[in-house]
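Here is the structure we will look at.
The values are calculated or read from the model by the stated rules, or taken from the named source; none is laboratory data. Model, not experiment: these values are computed from the prediction. Here the Cβ is made from the backbone with ideal geometry for all residues, glycine too, and neighbour counts use every protein chain on show. These area figures cover heavy atoms from the full protein model, side chains too; ligands, DNA and RNA do not enter into them. Shrake-Rupley method; radii C 1.70, N 1.55, O 1.52, S 1.80 Å.
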Amino acid sequence: MVDEERPGAQRWVPDTTAVSALAEAAASCHGCELYRDATQVVFSAGPQESPLMLVGEQPGDQEDQRGRPFVGPAGRLLAEALTAAAIDTKTVYLTNAVKHFRFERRGKARIHKTPDVGNITACLPWLEAELQAVRPAVVVCLGATAGRAVLGRPVRIGAERGALMPGPERLAPAQVLLTTHPSALLRLRDPADREPAFGQLVADLAVARDAAKPA
Ligand code: URA
Ligand code: SF4
């Protein structure tokens, strides 16, 4: 049954392997309800030729306003972690599982709301098209939403993080690695927890970096 609110993005996805054309077409996507309240679509950043693709959850408040992924606080932390892992931030392809900001209004504030499975499923045709266009050697899933989108099943980051796994057959020979989302680090209450959590994120990114290097 097709959910009228969430017909899915497929009909808006052009038959192309040019990321620029995908990004342009995504601006008119009505594949789920999220386009209505968001400011604009947030597609990807970074070179299409990258062997390393990082998938986040969805744009946040600042990304929604600026139209670019990972330009807010989580993005700054991610950039720090990439640099610490000796990865040049300009060389990675960065995208999100869901391309519009989902939020709740509280007064003037817009509070991030985790996309549900229906949003992930509706938006998946964009991510699939990007995966086929970029054909990365390694896909790093930042958090459970990205993991679910890429692997097509619920994931447990704590139990599954940090190990290279074979990607789904349609992405072969790509490998997939799960790690924490940088926003999870920002939410840690105790500053003493942040340093080890950051270290773990950096270590996971380093595993992906080595695997993405041409042999
Ligand atoms: N968090 C994400 O998952 N993606 C962004 O682009 C920004 C914050
Ligand atoms: Fe389309 Fe994805 Fe935006 Fe929903 S979130 S409208 S499926 S681009």
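Annotation: the stretch 10-210 has a Kirkwood hydrodynamic radius of 16.8 angstrom, from the mean reciprocal C-alpha pair distance.
Where only DSSP H runs of four or more residues are counted, the chain gives -11500 deg cm²/dmol as its mean residue ellipticity at 222 nm, each run worth -39500 (n - 2.57). Between Asp210 and His30, the simple label model (points 7 Å from Cα in the Cβ direction) yields a spacing of 5.0 nm.
Among beta bridges identified by DSSP and lying wholly in the stretch 10-210, the antiparallel ones come to about 40 percent. Dividing the convex hull volume of the alpha-carbon atoms in the stretch 1-126 by its residue count gives 110 Å³ per residue. In terms of Cα to Cα distance under 27 Å, which lysines are near enough to Lys99, apart from those fewer than 8 places away along the same chain? Those lysines meeting the cut-off are Lys90, Lys108, Lys113. The label point for Gln132 and the one for Arg170, both projected 7 Å from the Cα toward the Cβ, are 0.8 nm apart. Using a simple spin-label model with pseudo-atoms 7 Å out from Cα toward Cβ, Asp37 and Lys113 lie 0.4 nm apart. When the accessible area of the stretch 10-210 is split by element with a 1.4 Å probe, what percent falls to carbon and sulfur? About 52 percent, which is the carbon plus sulfur part of the accessible surface. Descending by average beta-carbon neighbour count within 10 Å, the peptides 20-32, 149-161 line up as 20-32, 149-161, the highest first. Multiplying the residue separation of Ser20 and Thr91 by 0.36 nm and removing their Cα-Cα distance gives an extension gain of 23.9 nm.
Within the stretch 30-110, the GluC sites (Glu not before Pro) that combine a DSSP coil assignment with at most 11 other C-beta atoms in a 10 angstrom radius are Glu49.
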